[in-house]
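Heads up, the thing below is written out as structure tokens.
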Amino acid sequence: MSTVVSLPLPARRGARSPVQRPAPRLALLGTGTVGSAFVARCERLRAQGMALPAFAWLSNSRVLVNGEGDPRRAVEEARAAPARAGGRPPWVENEGLRSDDIVIDATASDGVAGWHSEWLARGIHMVTANKLGNGADLARAQAIAAAQRERPGVHYGDSATVGAGLPLLRSIRELVAGGDRIRMIEGVLSGSLAWLFDRYDGSRAFSELVREARDAGFTEPDPRDDLGGEDVRRKLLILARAAGVPLEPHAVQVESLLPEALAQATPAQVDERLVLLDADLAERRRQACADGAQLRFVGRFDDDGISVGLRALPDAHPLCAGRGTDNLVAIGSCRYREQPLVIRGPGAGAEVTAAALLDDVLRIARAAA
Ligand SMILES: NC(=O)c1ccc[n+]([C@@H]2O[C@H](COP(=O)([O-])OP(=O)(O)OC[C@H]3O[C@@H](n4cnc5c(N)ncnc54)[C@H](OP(=O)(O)O)[C@@H]3O)[C@@H](O)[C@H]2O)c1
């Protein structure tokens, strides 16, 4: 008697897999300025007919809300939720995510960033505006890179972390993949500090401008993250690591703008202590003007080191060309040896950041289709 053994047929090119994978869903962490703008953008484009993954849920530090109905209403519900009395964040036990889902991190939370590599390892894609994934400890950035290597089809979308979606990280990675070596990155990397020093013409106190930038949503949730140089440090680390240079945070020399009493203030004291910035910056501006220079907050990385701080640059310097919240970055490499590659454009604000998050989501959804 003969036995017929049926073997699986090799998949035909272009043929559909017999087992349809469930469509990816979105899980949003953070319903603040950026998270809300992200949901608003998704729903606006969905209403215009764009095919977008559905929301599974949305969460902040207080509550997790089902997003399958009306995501805009879910955001409102999450934002109105009462404070949570300690304990683990609500999504930790209830996330119910499956591989191919997409987590969007629109928080500034170190705890959430600590989960990025864990989600990737489980086959869940990550899209993040939170710089504490690739821009904090080197070990964490390396864990994220290792998780991506181990799951090649799983994506980590971080274009919103630096330049709010300007093609900075993409360009650096493509140059490196093409065999180039990045020798120098120099730029105005903080949209909020770019805006502040562009506006700072002596007619208003610097502290007043900081309040205006904060109220317009240009600064980090705590403006000291910008003024202390921490935000630029993280961005510079992300860029340097994308260029293949595995730097630790302490390698960056940071010149903070914060006087000690402001740096040490509790969150409730920050607003009243902003005036402590004014005298020193007024003097630095006066000196810069006398020298035919302009103040710009600059991050620089090259073979000699990596630093962040306020610089007085000659009026004609390319980094003085940006206006408003423009980010302006010069990249020098073996290919761009004589003239750096310069990338410039709006680099702050909830709208452009939300658009960058959605671009990453759509890249992932297209790759998964
Ligand atoms: N604003 C901008 O223009 C801009 C531009 C580029 C990048 N970014 C980045 O985008 C991120 C969000 O900024 P934002 O301005 O939207 O901040 P935000 O308005 O302060 O919102 C932060 C959100 O994160 C939530 N959150 C904090 N810890 C959490 C946790 N453990 N689990 C779940 N949710 C948590 C907060 O929840 P609660 O409300 O419950 O506290 C809040 O909803 C930051 O990483 C920032 O650096 C912002």
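The table below lists the values:
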{"read-out": "Some residue of segment 99-109 being surrounded by fewer than 19 Cβ atoms within 10 Å (Cβ to Cβ), within 14 Å of the ligand (Cβ to nearest atom) and over 24 Å from residue 161 (Cα atoms)", "value": "no"}
{"read-out": "Check on residue 276, within 27 Å of the chain's Cα centre (by Cα) and of a type outside the set (Gly, Ala, Ser)", "value": "no"}
{"read-out": "Which listed residue is farther than 23 Å from residue 160 by Cα, assigned by TED's automatic domain parsing to the domain that holds residue 357 and either outside any loop (DSSP other than H, G, I, E, B) or at pLDDT 95 or above (or both), from 49, 86", "value": "49"}
{"read-out": "Residues (buried (at least 17 other Cβ atoms within 10 Å of the Cβ) and either of a type outside the set (Ser, Thr, Tyr) or modelled with pLDDT under 95 (or both)) located in segment 1-31", "value": "24, 25, 26, 27, 28, 29, 30"}
{"read-out": "Count of segment 286-319 residues which are open to solvent by less than 60 Å² (accessible area, probe 1.4 Å), assigned to a helix (DSSP H, G or I) and either in contact (Cβ under 8 Å) with a residue 60 or more places away in the chain or within 30 Å of residue 245 (Cβ to Cβ) (or both)", "value": "1"}
{"read-out": "Enumeration of residues in segment 256-285 that are assigned to a loop (DSSP other than H, G, I, E, B), open to solvent by less than 60 Å² (accessible area, probe 1.4 Å) and closer than 29 Å to residue 140 by Cα", "value": "256, 257, 258, 265"}
{"read-out": "Residue list for segment 137-169, filter: assigned to a loop (DSSP other than H, G, I, E, B) and either more than 12 Å from the chain's Cα centre (by Cα) or surrounded by fewer than 18 Cβ atoms within 10 Å (Cβ to Cβ) (or both)", "value": "137, 151, 152, 153, 154, 155, 167"}
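The values are calculated or read from the model by the stated rules, or taken from the named source; none is laboratory data. All of these numbers come straight from a predicted model, not from anything done at the bench. For neighbour counting, all protein chains shown are included, and Cβ atoms are generated from backbone atoms with ideal geometry for every residue, glycine included. Keep in mind that these areas ignore ligands, DNA and RNA; they rest on the heavy atoms of the full protein, side chains included. Shrake-Rupley method; radii C 1.70, N 1.55, O 1.52, S 1.80 Å.
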